[in-house]
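S.K.: Here you go, one structure.
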Amino acid sequence: MNNLVEIPMLCSTRKRSYAFTLIEILVSVTIASLVAVAIYSIFANGINAWRRGSENKDYARKIRLISEKMATEIRNAFEFSMIAFEGEEDFFMFAALVPGTQQSEDITSEYSQVGRIAYFYDKRKDALCKEVKTLPEAINEEEIGDGEMLVEGVSGLEISYCYLDNLSGEYKWKEDWNKEEQDTMPQALTIEISFNKDVMKNDKFSKIIFIPMGTGEQKIDMGSVTRKIEN
């Protein structure tokens with residue numbers, strides 16, 4: 001019987017090793033960079049949109065607060081012989097009670113006194129401004145000065161004045177209010193503020209303010225006595 005001797009066959013397995021080529025690395029880096037830039041752009045645009053929305057809300061809130069304070073002061077305006085209600089398309093001024101201080105020894109007391117309040121558009125600053133003067137200051141300095149800047153980024157201010165036309169018996173609007181042409185104060189104001197486009201989403205703000213003391217009537221002739229409407 002033949003003895004069969006099994007001779008094991010040695011099989012050598014060669015492991016193949018793989019590596020990235022330079023082109024593959026460059027392509028991968030480029031794709032990763034593009035994805036990172038896209039994600040960053042989306043994130044940055046979202047942050048900027050949120051910031052602009054927040055700034056617009058704060059700006060609009062500031063406009064509303066200032067307009068409400070302005071409306072309160074206009075409604076409290078009164079007739080005063082030494083300070084007439086006057087205005088044009090980009091400013092108006094009226095008699096009102098303004099704050100004052102009095103120093104007595106070491107005590108400072110506050111009180112209200114007759115003075116003049118003016119709202120106007122400053123083209124140099126692109127701003128809505130306010131000026132408050134006491135009666136002596138208003139008499140000595142009739143012109144409006146620099147005043148306090150209330151709102152920046154303003155591109156224009158348009159004011160219209162409501163009056164009763166004695167000739168037709170109709171209520172009309174005009175762009176100026178001169179004491180030589182009108183009898184007293186206007187019955188209402190329309191205030192329209194225009195803003196720069198990069199400041200506020202809505203480029204205009206408009207408000208109508210009625211004046212309780214206003215009985216403004218258009219005189220028939222310059223310097224003549226106002227004629228009442230016959231019922």
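Since every read-out is calculated from the coordinates, none of them should be taken as a lab result. Worth saying up front: this structure is predicted, and the values here are computed from it rather than measured. Neighbour counts are summed over all protein chains in view; Cβ atoms, including those assigned to glycine, are modelled from backbone coordinates with ideal geometry.
S.K.: Could you give the spread of the C-alpha atoms of the stretch 125-187 along their three principal axes, from largest to smallest, in whole angstroms?
M.R.: 41, 32, 14
S.K.: By average Cβ neighbour count within 10 Å, what is the ranking of 191-197, 203-209 from highest down?
M.R.: Ranked from most to least packed, the peptides come out as 191-197, 203-209.
S.K.: Still on this structure: Collect residues whose amide H, placed 1.01 Å from N in the peptide plane, falls under 5 Å from the amide H of Val151; neighbours closer than 5 in sequence don't count.
M.R.: Amide H to amide H, under 5 Å and 5 or more residues apart or across chains, Val151 pairs with Leu128.
S.K.: Also: How large is ³J(HN,Hα), in whole Hz, for each residue of the stretch 146-151 in order, when computed from phi with the Karplus curve 6.51 cos²θ - 1.76 cosθ + 1.60 and θ = phi - 60°, using x for Gly and Pro?
M.R.: 6, x, 9, 7, 9, 9
S.K.: Next question, about the same structure. How do 81-93, 164-176 rank on mean C-beta neighbours within 10 Å, highest first?
M.R.: Per-residue Cβ counts within 10 Å, averaged per peptide and sorted highest first, yield 81-93, 164-176.
S.K.: With Cβ to Cβ distances under 13 Å as the rule, what net charge do the other residues near Val132 carry (K, R +1; D, E -1)?
M.R.: So the environment of Val132 carries a net charge of -2.
S.K.: Here's something else I'd like to know. Please find the FRET efficiency linking Asp58 to Asp146, where r is the Cβ-Cβ separation and R0 is fixed at 25 Å, and quote it to the nearest 0.05.
M.R.: Efficiency, from the Cβ-Cβ distance: 0.50.
S.K.: At q = 0.16 Å⁻¹, what base-10 log of I(q)/I(0) does the Debye formula yield for the stretch 57-218 when every alpha carbon is treated as an equal point scatterer in vacuo?
M.R.: -0.94
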